[in-house]
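See below for the structure under consideration.
The values are calculated or read from the model by the stated rules, or taken from the named source; none is laboratory data. The structure displayed is predicted, hence computed values, not measured ones. Virtual Cβ from ideal backbone geometry, glycine too; neighbours counted across all protein chains shown.
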Amino acid sequence: MTGRYLRHDMIDWFDQAMVSQSKAIVIGAGAVGNEVIKSLVLLGVGQIHVCDFDLIEIHNLTRSVLFREEDVGQPKAQVACERARQLDPNVHITFTYGDFWDDLSLSQIKHFDAVYCCVDNFEARIRSNLLCRLAGVDLINVGIDSRACVVEVFPLGAGSNVACYECHLPHSVYQRLSQRYSCGHLKKVSFIEKKIPTTIVTSSIAASFACSEGLRLAIEGGAKEASRIFVDTINGTSSKITMDKNAECACCSRIENKVNTFAAQPIISDETQGLDRAIQIIASDPILVGYRIGETYTSVFRKASEFDSDFPAQVSDDPGAVDLDIRDSFTAEELIGAAGGIPMPCKFVMANVDNCTLVLEFIKEEI
């Protein structure tokens with residue numbers, strides 16, 4: 001529509017043409033996600049893809065500008081996209097109703113310029129960070145509570161020397177994550193995730209900073225350092241720091257400077273012919289290879305997250321006698337032997353060969 005972006009064109013540093021060509025993924029369509037989607041659409045970002053697996057609840061309405069009471073029970077991603085299209089029909093906006101980890105492939109992410117992580121848990125942030133690190137795509141992480149906002153920018157498209165989300169993640173976060181699981185990676189049946197109350201104040205401020213940072217990345221061609229912005233909405237203070245890469249980072253230490261990704265059929269034996277049988281292969285998801293009761297070993301070879309902590313009691317009258325074999329790291333020889341032609345129950349596998357990280361990705365349909 002002629003004149004829609006007239007005021008943008010009057011800003012000397014604003015390049016509407018570049019913004020209109022930019023592409024963004026928004027993971028999470030809750031309070032922060034609503035505000036990020038709204039702002040990106042009003043800025044005229046050319047393409048937006050929204051991922052969320054949740055349904056709208058009545059309490060979401062106090063913090064979600066794109067939702068209405070009649071939307072309760074509908075998928076957040078779908079409704080957010082429908083309302084966003086009403087704001088600006090020029091923006092190409094699509095959605096995935098599901099878990100981004102299951103539905104977004106590395107090859108899809110590579111088509112975008114930035115990923116806005118608007119989730120409310122560390123596990124999803126760590127996973128989005130890994131995907132962005134492997135894809136070489138900028139990550140903007142947003143976190144809020146009822147008072148404060150944190151916006152972190154990781155310009156991973158600038159190369160492997162930039163810090164990622166995990167580079168400065170405290171060990172206490174991994175300890176908290178481990179509380180969700182028992183027996184390795186089986187979810188605890190009784191675990192209840194603590195919810196952090198928020199308001200539209202912190203979600204809107206955080207999203208504004210996030211979109212502002214993303215806008216600068218789109219117009220200026222990318223930053224060279226990771227940064228963190230902290231805002232206290234009660235006393236009105238803010239701070240910004242830069243973050244260096246951590247050589248001991250749980251993510252970066254596993255990935256070489258160069259990453260090559262290949263589409264692969266999920267039968268690992270077909271993809272490892274010619275690989276050194278001693279090479280270490282890392283699966284994207286922990287796998288329940290099998291379990292032993294006394295002298296008897298039973299193969300399972302399924303994703304560990306499909307099972308909960310009641311599993312030992314389901315296979316034995318004496319759960320304490322069940323020895324679970326859960327792994328995400330194998331030699332090529334071990335993996336071929338364990339899989340035995342069974343489809344790999346994970347998103348991808350990766351191995352470091354000749355100073356390069358090779359990723360075999362078991363992809364789905366393109367967006």
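Evaluating Glu334 against the criteria (1) outside any helix (DSSP H, G or I); (2) out of contact with any Cys (no Cβ under 7 Å at 6 or more places or on another chain) leaves one unmet condition, (1). Exactly one residue among Ser178, Ser182, Ser238 is of a type in the set (S, T, N, Q), assigned by TED's automatic domain parsing to the domain that holds Ser22, over 30 Å from Gln21 (Cβ atoms) and at pLDDT 95 or above, and that residue is Ser238. Residues satisfying the criterion are absent from the stretch 124-142 (criterion: out of contact with any helix residue (DSSP H, G or I) (no Cβ under 6 Å at 6 or more places or on another chain), more than 23 Å from Arg176 (Cβ to Cβ) and touching a residue at least 60 places away in the same chain (Cβ under 8 Å)).
Every condition in (1) modelled with pLDDT of 95 or more; (2) loosely packed, with under 15 Cβ neighbours inside 10 Å; (3) within 16 Å of Cys211 (Cα to Cα) is met by Gly33 except one, and the failing one is (2).
Of all residues in the stretch 299-331, which are outside any strand (DSSP E or B) and of a type in the set (Asp, Glu)?
Listed by number, the residues that qualify are Glu306, Asp310, Asp317, Asp318.
Every test in (1) surrounded by fewer than 16 Cβ atoms within 10 Å (Cβ to Cβ); (2) under 28 Å from Gln179 (Cβ atoms) is passed by Asn260 save one, and that test is (2). Residues in the stretch 213-250 that are touching a residue at least 60 places away in the same chain (Cβ under 8 Å), out of contact with any Gly (no Cβ under 9 Å at 6 or more places or on another chain) and assigned to a loop (DSSP other than H, G, I, E, B): Ala223, Glu225, Thr233, Ile234, Asp244, Lys245, Asn246, Cys249, Ala250. The set of residues from the stretch 88-123 being at pLDDT below 95 and within 25 Å of Thr198 (Cα to Cα) comprises Asp120, Asn121, Phe122, Glu123. The set of residues in the stretch 241-257 that are more than 29 Å from Met18 (Cβ to Cβ) and surrounded by 12 or more Cβ atoms within 10 Å (Cβ to Cβ) comprises Asn246, Cys249, Ala250, Cys251, Cys252, Arg254, Ile255, Glu256. For the stretch 106-135, the set of residues classified as part of a helix (DSSP H, G or I) and under 10 Å from the mean Cα position of the chain (by Cα) consists of Phe122, Glu123, Ala124, Arg125, Ile126, Arg127, Ser128, Asn129, Leu130, Leu131, Cys132, listed by residue number.
Restrict the check to the stretch 2-16 and report whether at least one residue is in contact with a helix residue (DSSP H, G or I) (Cβ under 7 Å, 6 or more places away or on another chain) and β-branched (Val, Ile, Thr). No, there is no match, as no residue in the stretch 2-16 is in contact with a helix residue (DSSP H, G or I) (Cβ under 7 Å, 6 or more places away or on another chain) and β-branched (Val, Ile, Thr).
Counting the residues of the stretch 11-39 that are touching a Ser or Thr at 6+ places or on another chain (Cβ under 7 Å) and β-branched (Val, Ile, Thr) gives 2.
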